[in-house]
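Below is one structure, written out as structure tokens; comments come after it.
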Amino acid sequence: MAPDSIVDHRARAALEFFWADGERQVVAYPVLRAHCPCADCKALRGNGLSGLVPEAAVQVAAIQPVGAYGVQFVFSDGHDRGIFPWGFLRGLLERQHASGS
């Protein structure tokens, strides 16, 4: 299920998600970039390559909805191939919150 809204906090380099069940989650841009679900990024992570750790200065340059399925983020490093399904994104945000990141 899609969030009710996404607020871009550029000064904090974070996105804030508001879900229909009242949950509110904040995630830093580099966390999203580091967990990109595109095939290339998955393969790099699967091979244990550390090249996926983005610079702290990475920004979200654009947020593009992908139908009712999810969202695509365009990052300032030019990466734009990952589509984040809503369920994947919500799970990622919950795991980040649980780990204290």
message: I need the full set of residues from segment 72-101 which are within 19 Å of ARG10 (Cβ to Cβ) and hydroxyl-bearing (Ser, Thr, Tyr), in order please.
response: SER76
message: Take residues that are more than 11 Å from the chain's Cα centre (by Cα) and free of Cβ contacts under 8 Å to residues at least 60 places away in the same chain and tell me which of the strands (runs of 3 or more DSSP E) falling wholly in segment 1-97 contain 3 or more.
response: 5-9, 60-66
task: Exactly one condition in (1) basic (Lys, Arg); (2) exposed (fewer than 12 other Cβ atoms within 10 Å of the Cβ); (3) farther than 18 Å from HIS97 by Cα is not met by ARG81; state its number.
output: (2)
task: Tell me which of these ILE63 doesn't satisfy, since it passes every other one: (1) surrounded by 15 or more Cβ atoms within 10 Å (Cβ to Cβ); (2) at pLDDT 95 or above; (3) β-branched (Val, Ile, Thr).
output: (1)
query: Taking into account only those residues within segment 1-14 that are aliphatic (A, V, I, L, M) and within 15 Å of GLY91 (Cα to Cα), which is surrounded by the most Cβ atoms within 10 Å (Cβ to Cβ)?
result: ALA2
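The values are calculated or read from the model by the stated rules, or taken from the named source; none is laboratory data. This structure is a prediction, so every number in the text was calculated from the model and none was measured. Positions of Cβ are backbone-derived with ideal geometry, glycine not excepted, and every protein chain shown enters the neighbour counts.
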